[in-house]
């Protein structure tokens, strides 16, 4: 019959606890390495004039925070659109767009622009990880969007940004905001 040795028992207990800890950590990991080739912020930063520096910052790079496999593309909520004419010659029209994102995981996506008759449609997109649970909170933002007016003829126009709108006119000297 063997005698009970407290040192051997303590060593065996330590090895068992270590083995359980390693197995628990292995179970929490899916073993996948982050795919650093995915970079949704690159296209977003090229499209958002004022948000470009924030989206292209080292904190947002895929090396520091890998992008999840699935992203949901949506549209930002818009509170206000203000049109401004820059003093440069020829004069340029920009839209100051103030809006909000609905949760802590949603970020600004691409800004696109198209024209349908006398309406210039601007879409401010969003990106959100599909399978992530996020804190519900409103995050305000403001972006400045250059409005393409080079090929517009004399007349009245509307800039529609995700359903919020503002109007302007074009005369022989360029765009004018009423």
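Could you say which residue among 84, 108 is assigned to a strand (DSSP E or B) and under 19 Å from the mean Cα position of the chain (by Cα)?
Step by step, each of 84, 108 is checked, and only 108 is assigned to a strand (DSSP E or B) and under 19 Å from the mean Cα position of the chain (by Cα).
Residue 130 - would you say it is over 18 Å from residue 80 (Cβ atoms) and in contact (Cβ under 8 Å) with a residue 60 or more places away in the chain?
Answer is yes for this residue.
Is there a residue being modelled with pLDDT under 90 and outside any helix (DSSP H, G or I) anywhere in region 90-102?
Yes, there is a match, as at least one residue in region 90-102 is modelled with pLDDT under 90 and outside any helix (DSSP H, G or I).
Scan (1) at pLDDT below 95; (2) under 16 Å from residue 71 (Cα atoms) for the single condition residue 86 breaks and write down its number.
All conditions are met except number (2).
Working only within region 129-178, note down all residues that are under 22 Å from the mean Cα position of the chain (by Cα) and part of a loop (DSSP other than H, G, I, E, B).
Passing the criteria: 130, 131, 132, 133, 134, 135, 162, 163.
Here is a check on your reading of the model: is residue 154 crowded, with 19+ Cβ neighbours inside 10 Å and in contact with a strand residue (DSSP E or B) (Cβ under 8 Å, 6 or more places away or on another chain)?
no
Residues checked against (1) surrounded by 14 or more Cβ atoms within 10 Å (Cβ to Cβ); (2) more than 30 Å from residue 172 (Cα to Cα):
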| residue | (1), (2) |
| --- | --- |
| 70 | no, yes |
| 77 | yes, yes |
| 86 | no, no |
| 100 | yes, yes |
| 103 | yes, yes |
| 109 | yes, yes |
| 112 | no, no |
| 126 | yes, yes |
| 138 | no, yes |
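Taking the options 96, 91, name whichever one is under 18 Å from residue 78 (Cβ atoms) and either touching a strand residue (DSSP E or B) at 6+ places or on another chain (Cβ under 6 Å) or surrounded by 13 or more Cβ atoms within 10 Å (Cβ to Cβ) (or both).
Exactly one residue qualifies, and that residue is 96.
The values are calculated or read from the model by the stated rules, or taken from the named source; none is laboratory data. Just so you know, these numbers come straight off a predicted model, no measurement behind them. Because the Cβ atoms are built from the backbone with ideal geometry, glycine has one as well, and the counts that use them run over all protein chains shown.
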